[in-house]
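S.K.: Please see the structure below; I have some questions.
Just so it is clear, none of the values below were taken in a lab; they were calculated from the coordinates. Note that the coordinates shown come from a computational prediction; the quantities given were computed from them, not determined experimentally. Backbone-built Cβ (ideal geometry, glycine too); neighbour counts: all protein chains shown.
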Amino acid sequence: MTGIAPFTVVVADDKLELRKLIRITFAGDDCRIVEAANGLDAVRLIVSEKPRVALIDIMMPGIDGLEVCRRVRADAAVAGTRLILVTARGQQADVLEGQKAGADDYIIKPFSPENLRERVLAFFADC
């Protein structure tokens, strides 16, 4: 248990296995995971669910994760959502591109589930 209020995380990745790993990672927390398998669904879920945090893959069908970030940042109703790109693209230029698109954090696959959990929960430290 985290000692923080219940929270929602949108997980956007076209790989079911990764979404399942993230669900398992947060299983002990008072957390609701809402999943999207493509970028357009990710934007829709972020707008409708208004999560505190969204975990977004870059390489997805439809619009990519960078465009998801741009659209979320352009929407005043959800612009404060913390966006974490979780991707296999690990070059410094990729990280810079993610920051430019509006990502708050960048995690390279493969990742440690505990590290991912800690980084997500760090966004709740100011609650």
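S.K.: Step through the residues of segment 109-121 one at a time and calculate ³J(HN,Hα) from phi using the Karplus curve (6.51 cos²θ - 1.76 cosθ + 1.60, θ = phi - 60°), rounding each to whole Hz and writing x for Gly and Pro.
M.R.: For segment 109-121, the Karplus-derived couplings read 7, x, 10, 7, x, 5, 5, 4, 4, 4, 5, 5, 5 Hz, x marking Gly and Pro.
S.K.: I'd like the distance separating the alpha-carbon centroids of segment 100-115 and segment 3-81, in whole Å.
M.R.: For segment 100-115 versus segment 3-81, the Cα centre distance is 13 Å.
S.K.: Still on this model: What are the residues whose amide H is under 5 Å from the amide H of Met60, where those residues sit 5 or more places off or on another chain and H is modelled from the backbone?
M.R.: Counting only residues 5 or more places away or on other chains, the set is Gly65.
S.K.: What is the list of residues in segment 90-127 whose amide nitrogen lies under 20 Å from a point 7 angstrom out from the Cα of Lys50, following Cα to Cβ?
M.R.: 123-127
S.K.: Still on this structure, please answer the following. By how many nm would the segment from Asp75 to Met59 grow when fully extended, if each residue of separation counts as 0.36 nm and the alpha-carbon distance is taken off?
M.R.: Values: separation 16, 0.36 × 16 = 5.76 nm, distance 2.18 nm.
Here the answer is 3.6 nm.
S.K.: While we're looking at this one, here's another question. With each pseudo-label sitting 7 Å past Cα toward Cβ, what's the Lys15-Gln91 distance in nm, one decimal?
M.R.: Distance between label points: 2.0 nm.
S.K.: How would you rank Cys69, Cys31, going from fewest to most other Cβ atoms within 10 Å of each one's own Cβ?
M.R.: Ascending Cβ contact count within 10 Å gives the list Cys31, Cys69.
S.K.: Sticking with this one: Amide H to amide H under 5 Å from Val11: which residues, 5+ apart in sequence or cross-chain, H placed 1.01 Å off N in plane?
M.R.: Amide H neighbours of Val11, under 5 Å, 5+ apart: Val34, Glu35, Ala36, Leu55.
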